[in-house]
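The structure under discussion appears below in the form of structure tokens.
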Amino acid sequence: MEAMFPERNLKEGARVTRLAPSPTGFLHFGNLFTGTVAYKTAKVSDGVFYVRVEDTDQKRKVEGAIEVMLEGLRAFDVIADEGVVGEGTEKGDYGPYYQSKRKEIYHVFAKKLVLDGLAYPCFCSAEALDEIRAQQENEPQKGYWGKYAACRNLTIDEIEKNISEGKPWTLRLKSPGDAEKKCFFDDMIKGKIEMPENVQDVVLLKSDGIPTYHFAHAVDDHLMRTTHVVRGDEWMSSCPIHLQLFRCLGFRVPKYAHVAPIMKEENGGKRKLSKRKDPEAAVTFYVEKGYPKESVNEYIMTLMNSNFEDWRKTNKDADINSFPFNLKKMSVSGALFDMVKLNDVSKNIISLMPAKKVYDYTVQWAKDYDSELYNLLTRDEEYSVNILNIDRETPKPRKDIACFSEVKDYISYFFPEIYEKNYEMPENITSDMAKEILEAYLKEFNPADDKQQWFDRIKALCEPLGYTPNVKEYKKNPEAYKGHVGDVSTVIRIAVTGRRNTPDLYAIMSLLGESTVKERLSDAIKSL
């Protein structure tokens, strides 16, 4: 086995990490987070990141679950160098990467433990084990160990007799642990850890010969030459078992990095992000909403390393992959998920994208999730790109869009099929005042105006109608005027778009064209 799976030929310091999911059909944001941590740990060291599927429990297996999981990872650029790369598809020299295909490999090491006197068959029935648990009800140390390990000291003759009688058996570790001693390891995230040694004779092989997770992962991480095990900190309590197994097998112990769970604030306290309570716990949520992978990855990095945001401020245009990610800078207690922060990050990311990229991303999203938007956008690509380019690619681009599912509402007034009229005016503007402004503007409107001429024309309307073209003047002496030029332009904006707040109104009107603008101004006048 050692010869079949030799040490990897990597540069010194290169880290080999893995994601080892079970095929249960749901990719939690926490899985993506941990997978990204493992992926970055390998990548910053020019190492290897692989995917191994832990499918020894066939009862829990969900058909198609692996492809769902891999698609979720791929959507956010967590792509394995080797291992399971598709449902039933593997690549790499250290496979099989499905545990269900590695039974004979596990048996080689199980036999070695038996030969070394470190494993034995256990014939205890489920009823006998229940009885042991009942006896231990008031004892601090539970489990199959010490005087409770009924099969630990069976003779060869007794073992042969039980087997010949057809009694089912499991294979257990003969733990060399001492209840009075501690085990120690240096966690890459949490620092130095001290825990009681394992004394339990844990099951290595179940009665069908399939290994337990504890045993299988130790064999796999050794033969696949994993250097750093990145996993959720719910596995922390299993470390004494795992450290002992590696040592009993004669393997070098990998470095451990236990990732704290993603937390969420609730009622003044904190709880784990929950797939039952939180839609954002599912990775599919981000795909369905249309968050670009750049936004999710940027946000994940803010959760992973506290120094990332400072790095980004001084490296605004740098590729995220050039950030020197460090396990030691991860939160010990668990990062706090914040949807507002994700949206802020995403608005900034999308605001910096060229219009054509926003168009392509939105079309790609809409093709799967909004056929009406897809048809509207693709009907005239140039028109759609020009819409998305308003107030974009400027020193201070607008930050209106957090995800591509928001684009439809954002641009709806450009398409008669989804435009909704709305003539609700600010409190200081009555319907008669708005009507007077629009009637005056409709007479003056000239589609040939450039932007300065267009604005000068609006300013020229102000004084005859009782408004001031100077906002500062209005603030000094508000009683002298009905309002200021901003109020006049707001009335026009609402008539043309149905919104009080939009990107550059001149650009909007230029794209809509003369006939549409005049029609909307006239409709507003009739409706007010």
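The values are calculated or read from the model by the stated rules, or taken from the named source; none is laboratory data. Remember, it's a predicted structure, so these values are computed and weren't measured experimentally. No Cβ is skipped: glycine too gets one built from the backbone with ideal geometry, and neighbour counts run over all protein chains shown. Heads up: the accessible areas ignore ligands, DNA and RNA and are worked out on the full protein's heavy atoms, side chains in. Shrake-Rupley method; radii C 1.70, N 1.55, O 1.52, S 1.80 Å.
Details
- Heavy atoms of residue 225: accessible area, 1.4 Å probe, square angstrom to 10: 20 Å²
- Cysteines (scope the chain) whose Cβ has no counterpart Cys Cβ under 4.7 Å: 124, 183, 239, 248, 403, 462
- Solvent-accessible surface of protein heavy atoms, probed at 1.4 angstrom with all chains present, puts 468, 430 in the order 430, 468, largest first.
- Nearest-ten-degree value, helix 355-369 long axis tilted from longest Cα axis of the chain: 60 degrees
- Angle in degrees between helix 514-527 and the longest Cα principal axis of the chain, rounded to the nearest 10: 80 degrees
- Accessible area per residue for the chain is 50 Å², calculated with a 1.4 Å probe on protein heavy atoms, without ligands, DNA or RNA.
- Here the label points at residue 428 and residue 284, each 7 Å from Cα along the C-beta direction, are separated by 5.0 nm in the simple model.
- Placing unit charges on each Cβ (+1 for Lys and Arg, -1 for Asp and Glu) gives the range 1-127 a dipole about its Cα centre, and among 27, 109, 73 the Cα reaching farthest toward its positive end belongs to 109.
- Euclidean distance between Cα centres, the range 259-294 to the range 464-528, Å: 42 Å
- The chain, relative contact order [Cα under 8 Å, separation at least 6], %: 11 percent
- Protein accessible area in the chain, 1.4 Å probe - carbon and sulfur %: 49 percent
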